[in-house]
Amino acid sequence: MGLIANKRVWFLLACLVGSVAVAYFGQPLAHDNSDAVLIIITVMTVFAGFLVAIIAVLGDPALLPPGSWRKAENERDSAIDAILTHAWLFRVYLIAIALLFAGVLLHKAPDCDVAPWIKTWIERAYLLMGAFSFFLTLALPSTLTEFQRKRVDAEIERRRQEAGIKE
């Protein structure tokens with residue numbers, strides 16, 4: 001396994017462990033806390049909208065490097081990988097929002113209709129997914145920075161070729 005793949009695995013594990021801790025220890029604080037629910041839903045919704053914009057930008061074919069079709073084809077896999085990674089993060093946001101919605105609805109249900117332990121686990125689940133997606137989002141700035149660096153490098157290369165300068 002390469003160094004980058006190893007970093008990703010450790011990052012995902014750290015995000016997951018942190019999210020489990022947030023869900024377990026944060027559930028009593030989130031219980032009956034409408035402010036916490038409002039903040040979580042607002043943040044997840046804003047993040048989801050922002051991520052849709054990022055996915056749209058990453059998928060723009062105009063961002064492929066200039067040159068032959070072979071050069072563009074070589075970059076296709078990394079572009080698709082980036083899109084798929086962000087699409088998975090978008091799904092995590094949606095799962096967090098769906099669990100939060102279920103938690104809000106079930107919170108109002110009488111205990112005779114829905115067992116209190118189910119309500120508790122729904123709260124833990126939306127806290128887990130909310131924290132997990134938030135922690136994963138911490139990697140977005142470096143991803144976007146790397147993406148923009150590649151775009152600048154591609155533009156410099158295009159201008160060099162236009163000027164007839166070879167490497």
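Any read-out appearing in this document is the output of simple, stated calculations on the displayed coordinates, not a laboratory observation. Since we're looking at a predicted model, the values are computed, not measured. So basically every Cβ, Gly included, is an ideal-geometry build from the backbone, and we count neighbours across all protein chains shown.
Quick notes on this structure:
- Cross-link reach is defined here as a Cα-Cα straight distance under 29 Å, omitting same-chain residues fewer than 8 places apart; for LYS150 the lysines meeting it are LYS7, LYS71, LYS166.
- Contour excess over end-to-end distance, with Cα ends at SER142 and TRP10 and 0.36 nm allotted per residue: 45.9 nm
- Treating r as the C-beta distance of ILE118 and ALA98 and R0 as 22 Å, the FRET efficiency rounds to 0.90.
- 3J(HN,Hα) from dihedral phi, the stretch 90-101, Karplus parametrisation 6.51/-1.76/1.60, rounded to Hz, x for glycine, proline: 4, 4, 5, 4, 5, 5, 4, 5, 5, 5, 5, 4
- Note, ³J(HN,Hα) from phi for the stretch 150-165, Karplus 6.51, -1.76, 1.60, rounded to Hz, x at Gly and Pro: 5, 5, 5, 4, 5, 5, 4, 4, 4, 5, 4, 5, 4, 7, x, 8
- In the stretch 3-162, Cα pairs under 8 Å separated by at least six residues give a relative contact order of 37 percent.
- Entry for Cα extents along the principal axes in Å (calculated from the structure that is shown) out of [x] 77, 30, 23; [y] 45, 37, 31; [z] 57, 40, 30: [x]
- Rounded to the nearest 500, the helix-only mean residue ellipticity at 222 nm of the chain stands at -29500 deg cm²/dmol, with each DSSP H run of n ≥ 4 adding -39,500 (n - 2.57).
- Phi-based couplings in Hz for the stretch 13-18 (Karplus 6.51, -1.76, 1.60; Gly and Pro marked x): 4, 5, 4, 5, 4, x
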